[in-house]
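What follows is calculated from the coordinates using simple rules that are stated; it is not laboratory data. Computed from a prediction, not measured in an experiment: that's the story for all the values here. Because the Cβ atoms are built from the backbone with ideal geometry, glycine has one as well, and the counts that use them run over all protein chains shown.
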Amino acid sequence: MSNQNPIQFHSTQLANGLTIIGEVNPKSVSAALGFFVRTGARDESADVAGVSHFLEHMMFKGTAKRTALDIGFDFGAIGAQSNAYTSEENTVYYAAVLPEYFSEAFEILSDMLRPTLDVGEFTTEKNVILEEIALYQDRPHFVLFESALKAHFGEHPAGNSVLGSTASVGGLPVEKMREYFARRYSPSNMVLVAAGNYDWPSFVAAAEAATKDWKVYTCSRDTRPHQPVGKSHTIYK
């Protein structure tokens, strides 16, 4: 019996700057993939605080070829487990499927990464985000963590809130979100990752075809060091 490890690791970078990393395991009974976008709360100015997380929600609200309902239906039709999350550093979109539906999952996910950002869907989803902010404000451990983060980092971008505030999200116009998307969602600012049972050459070819028309631009990030200052802070509620 051979003890040879069937798992293979790959990496490449497309001409548009998109980095692709893969772990291929022919013995796996599933496959997963995701776009890791190098943008999050730390890349936001005060007037658009929370826009990264809000934009994450809007990715599921329609593209040029799919409505929000279509996206949910198409993922469901292939039995995909799909979701997304936003942090201070990244916004991540991912899906896991049976190997035979890997190509379909990638097509849906890559289509989502170029949303229409429809004003009607934007207005509706804004209310969802505001409700989410209110919900978290009723969770003491969340309020304590965010307060400690802000007290420690002060005006440094690492202390920015992922959710933003009622004022920043409530006052955000769709044009500002579109501007933010146009500045941060370059393929050169993303890493596409896959793991499980799938064909690596076919995956790279599909990624190249899906992103060939994506506009490429340079994305910067404020990485200045932070000098913490000791302090005590009391919260009353």
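Please report, in whole Å³, the volume per residue of the convex hull around the C-alpha atoms of region 112-152. Don't skip to the end; give the middle numbers.
Working: hull volume 4.3 nm³, N = 41.
Normalising the Cα hull of region 112-152 by residue number yields 106 Å³.
Tell me whether region 98-166 comes out rounded, prolate or oblate; compute the Cα gyration tensor, take square roots of the eigenvalues as a ≥ b ≥ c, and use a/c under 1.5 as the rounded threshold.
On the way: a/c = 2.41, a/b = 1.83, b/c = 1.31.
It is prolate, given that a/c is not under 1.5 and a/b is the larger ratio.
Test of understanding: what is the full-extension gain from A151 to W200, defined as 0.36 nm times their sequence separation minus their Cα-Cα distance? Before the final figure, lay out each step's value.
Working: separation 49, 0.36 × 49 = 17.64 nm, distance 4.58 nm.
Gain in length upon complete extension: 13.1 nm.
Go through K61/K150; K126/K150; K61/K176; K126/K231; K176/K215; K126/K212 and tell me which ones have a Cα-Cα distance over 26 Å in this structure. Show your work: numbers first, answer last.
On the way: K61/K150 31 Å; K126/K150 24 Å; K61/K176 17 Å; K126/K231 35 Å; K176/K215 18 Å; K126/K212 31 Å.
Too far apart for the 26 Å limit: K61/K150; K126/K231; K126/K212.
When the distances between all Cα atoms of region 21-78 are binned every 10 Å from zero, what whole-number percent does each bin get?
17, 31, 33, 17, 2
Equivalent-ellipsoid semi-axes (√(5λ), Cα gyration tensor) for the chain, whole Å, largest first?
Details: eigenvalues 227, 93, 66 Å².
In descending order, the three semi-axes are 34, 22, 18 Å.
Spin-label point model (7 Å from Cα, Cβ direction): what's the S45 to S220 distance in nm?
1.3 nm
How long are the semi-axes of the equivalent ellipsoid of region 1-122, defined as square roots of 5 times the Cα gyration tensor eigenvalues? Whole Å, largest first. Mind dumping the intermediate values first?
Values: eigenvalues 175, 75, 28 Å².
Each semi-axis is √(5λ); the values are 30, 19, 12 Å.
At 0.36 nm per residue, minus the direct Cα-Cα distance, what do V143 and F9 gain on full extension? Give it in nm, one decimal, please. Write out the running numbers ahead of the final one.
Details: separation 134, 0.36 × 134 = 48.24 nm, distance 4.11 nm.
Value of the extension gain: 44.1 nm.
Under a point spin-label approximation (7 Å from Cα along Cα-to-Cβ), what is the E131-E107 distance to one decimal in nm?
3.3 nm
Counting only Cα atoms, I'd like the Rg/Rh figure for region 105-237, Kirkwood definition for Rh. List each step's numbers first, then the result.
Numbers: Rg = 19.4 Å, Rh = 18.5 Å.
The Rg/Rh ratio comes out at 1.05.
Please say if region 152-209 is rounded, prolate or oblate, where rounded means a/c under 1.5 for a ≥ b ≥ c the square roots of the C-alpha gyration tensor eigenvalues, and otherwise the choice is prolate for a/b larger than b/c and oblate otherwise? Show your work: numbers first, answer last.
Working: a/c = 3.17, a/b = 2.06, b/c = 1.53.
Here region 152-209 falls in the prolate category.
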